[in-house]
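Have a look at the structure below before the remarks.
The values are calculated or read from the model by the stated rules, or taken from the named source; none is laboratory data. Please read these numbers as outputs of a predicted model, since none were measured by experiment. We place every Cβ from the backbone using ideal geometry, glycine too, and count neighbours over all the protein chains shown.
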Amino acid sequence: MNLLTKLFRKRTNKSSVRKRKNQPDVVDFSKENDLMNWAIEKARLTLHYFEASLENPKPNQHYFSIKVKIEDGNNTEHIWLIEPSFDQEGNLFGIVGNEPIDVTNIKYDQKIGIDRELISDWMIVEQGRLIGGYTIRAIRDTLESHQLLDFDKSLGHLIVDEGEDHFMPNGDTPEGAILALEAAYNQDNLENALDYKDFKAEASLMLNKLENIPKTQDIIKQTAETLKLSYIAALRKEGMPKFNHVQRAFPKRERIDDNHIIITEVCTYPDHGKSVQRLMTYKSENGWKVLSIVD
């Protein structure tokens, strides 16, 4: 029995589950399910880490699998592939690791090739921990406490903690902007840190919470300059925080509007201590920026 046959055996109250003999259960989510849709998006945004690790595995990485969307007429099914590989054009190849139920154009243990645009998840077992596996985490998050214990036991020695999310450290995503800002802190690079801040947006957000204060452009500009000077002074006085050797996961997005998203960041330190913070991010014309910590 490979690892995939241990996954998705427990029923949930928020999705439908269909049994299949000696194979993982099929867990159906509606197309409108935000939790699963975010899991799929997150997998695609971090796929670069899977590809790099697959090409040059670390000594502590010993299991790779990838999930794809299989289409067969009007039917679709998400299937895990084992022994995955990519060709020079980025196309994916792998062996079907589940017995299909809804599609008939593939078979269990068949080697197939598929367009990378149909990838919906990936997973690596790294030092006994699940890295990636975002749809697994989405299913796990729907379980009641008594189901959760049994589900985790069914995974054997696989540890499902917050994991580590490898977004590209740039302004393309809110999480990437946070990672880029923290990279600037690690390098004591104030100029780069300022690139991932937007004090005007932060000033507008702060002033909007205050009553009886005019929100003119001059007041917003003055407030932004004050926030910037205060930020720089604090970094120079206290030093920049350091995130070297810190594992970071981003388990939650809270969308305020199209331009503002609160990101939950979980930091796990070398001594296994943890901290959790919620950060307001802002989508500017130049990409995502990090505004402030949310109380």
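Hey, among 90, 128, 132, which residue is at positive phi, surrounded by 16 or more Cβ atoms within 10 Å (Cβ to Cβ) and either more than 21 Å from the chain's Cα centre (by Cα) or of a type in the set (Gly, Ala, Ser) (or both)?
On the way: 90 fails: surrounded by 16 or more Cβ atoms within 10 Å (Cβ to Cβ); 128 fails: surrounded by 16 or more Cβ atoms within 10 Å (Cβ to Cβ).
The unique qualifying residue is 132.
I'd like to know if region 99-106 contains one or more residues that are of a type in the set (Ser, Thr, Tyr), over 19 Å from residue 135 (Cβ atoms) and outside any strand (DSSP E or B). Steps first, please.
Pass one, region 99-106, residues of a type in the set (Ser, Thr, Tyr): 104.
From what is left, the residues that are over 19 Å from residue 135 (Cβ atoms) are 104.
Keeping just the survivors that are outside any strand (DSSP E or B) gives 104.
Scanning region 99-106 turns up at least one residue that is of a type in the set (Ser, Thr, Tyr), over 19 Å from residue 135 (Cβ atoms) and outside any strand (DSSP E or B).
Give 283, 289, 242 a once-over and let me know the one that is charged (D, E, K, R), outside the structural domain of residue 130 (by TED's automatic domain parsing) and part of a loop (DSSP other than H, G, I, E, B). Before the answer, list the steps.
Working: 283 fails: part of a loop (DSSP other than H, G, I, E, B); 289 fails: part of a loop (DSSP other than H, G, I, E, B).
Going through 283, 289, 242 in turn, the sole match is 242.
Restricting to region 66-98, name every residue that is outside any strand (DSSP E or B) and within 18 Å of residue 125 (Cα to Cα). Give the steps one after another, and end with the answer.
Quick first cut of region 66-98, residues outside any strand (DSSP E or B) only: 73-74, 87-91, 97-98.
If the condition is that a residue be outside any strand (DSSP E or B) and within 18 Å of residue 125 (Cα to Cα), then 97 is the only one that fits.
Restricting the first residue to region 171-185 and requiring it to be free of Cβ contacts under 8 Å to residues at least 60 places away in the same chain, which pairs with a second residue that is buried (at least 24 other Cβ atoms within 10 Å of the Cβ) meet a Cβ separation below 6 Å and a spacing of at least six or different chains?
Partner pairs satisfying both residue conditions: 180/196.
With the checklist (1) polar (S, T, N, Q); (2) closer than 30 Å to residue 60 by Cα; (3) not assigned by TED's automatic domain parsing to the domain that holds residue 273 in hand, flag the one item residue 186 doesn't pass.
Only one criterion in (1) polar (S, T, N, Q); (2) closer than 30 Å to residue 60 by Cα; (3) not assigned by TED's automatic domain parsing to the domain that holds residue 273 is unmet by residue 186, namely (3).
Would region 168-190 turn up any residue that is among the aromatic types (Phe, Trp, Tyr) and under 20 Å from residue 245 (Cβ atoms)?
Residues of region 168-190 among the aromatic types (Phe, Trp, Tyr): 185.
Retained after the next criterion (residues that are under 20 Å from residue 245 (Cβ atoms)): 185.
Yes, the conditions are met somewhere in region 168-190.
Going by the conditions given, is residue 239 at pLDDT 95 or above, on the phi > 0 side of the Ramachandran plot and either buried (at least 16 other Cβ atoms within 10 Å of the Cβ) or touching a His at 6+ places or on another chain (Cβ under 7 Å) (or both)?
Working: at pLDDT 95 or above: yes; on the phi > 0 side of the Ramachandran plot: yes; either buried (at least 16 other Cβ atoms within 10 Å of the Cβ) or touching a His at 6+ places or on another chain (Cβ under 7 Å) (or both): no.
Judged against the criteria, residue 239 is not a match.
Write out, first by first residue and then by second, each pair whose Cβ atoms fall under 7 Å of each other, whose residues are 6+ apart or on separate chains, and whose first residue, in region 210-233, is under 16 Å from residue 194 (Cβ atoms) while the second is of a type in the set (Phe, Trp, Tyr).
Going by the 7 Å Cβ cut-off, the qualifying pairs are 224/199; 227/199; 228/199.
So residue 267 fits all but one of (1) surrounded by fewer than 16 Cβ atoms within 10 Å (Cβ to Cβ); (2) closer than 16 Å to residue 185 by Cα; what number is the exception?
So the condition that residue 267 fails would be (1).
Please determine, by comparing only the residues of region 30-44 that are surrounded by 14 or more Cβ atoms within 10 Å (Cβ to Cβ) and more than 11 Å from residue 132 (Cα to Cα), which one is modelled with the highest pLDDT.
The initial filter retains those residues of region 30-44 that are surrounded by 14 or more Cβ atoms within 10 Å (Cβ to Cβ), namely 33, 35-44.
Filter once more, so that each one left must be more than 11 Å from residue 132 (Cα to Cα): 33, 35-38, 41.
Working: 33: 75, 35: 86, 36: 91, 37: 91, 38: 91, 41: 95.
Taking the candidates together, the pick is 41.
Residues 116, 137: which one is more than 15 Å from the chain's Cα centre (by Cα), basic (Lys, Arg) and modelled with pLDDT under 95?
So the residue among 116, 137 that is more than 15 Å from the chain's Cα centre (by Cα), basic (Lys, Arg) and modelled with pLDDT under 95 is 116.
Just name the residue that is surrounded by the fewest Cβ atoms within 10 Å (Cβ to Cβ) out of those in region 140-163 that are within 19 Å of the chain's Cα centre (by Cα) and without any contact (Cβ under 8 Å) to a residue 60 or more places away in the chain.
Only one residue tops the list, namely 159.
Would you pick out the residues in region 172-218 that are farther than 27 Å from residue 237 by Cα and surrounded by fewer than 21 Cβ atoms within 10 Å (Cβ to Cβ)?
172, 208, 209, 210, 211, 212, 213, 214, 215, 216, 217, 218
Among the residues of region 107-144 satisfying the criterion of being part of a helix (DSSP H, G or I) and aliphatic (A, V, I, L, M), which is farthest from residue 156 (Cα to Cα)? Explain how you work it out, then say what you get.
Initially, region 107-144 is screened for residues part of a helix (DSSP H, G or I), giving 116-118, 134-140.
Filter again for aliphatic (A, V, I, L, M), leaving 118, 136, 138-139.
Working: 118: 29, 136: 15, 138: 19, 139: 17 Å.
Across region 107-144, the extreme among qualifying residues is 118.
Taking region 145-161 only, how many residues are within 23 Å of residue 38 (Cα to Cα), among the aliphatic types (A, V, I, L, M) and not in a loop (DSSP other than H, G, I, E, B)?
2
Would you mind telling me which numbered condition in (1) in a helix (DSSP H, G or I); (2) among the acidic types (Asp, Glu); (3) more than 29 Å from the chain's Cα centre (by Cα) residue 211 fails?
(1)
Evaluate region 247-264: report whether one residue or more is free of Cβ contacts under 8 Å to residues at least 24 places away in the same chain, part of a helix (DSSP H, G or I) and not charged (D, E, K, R).
No, the conditions are met nowhere in region 247-264.
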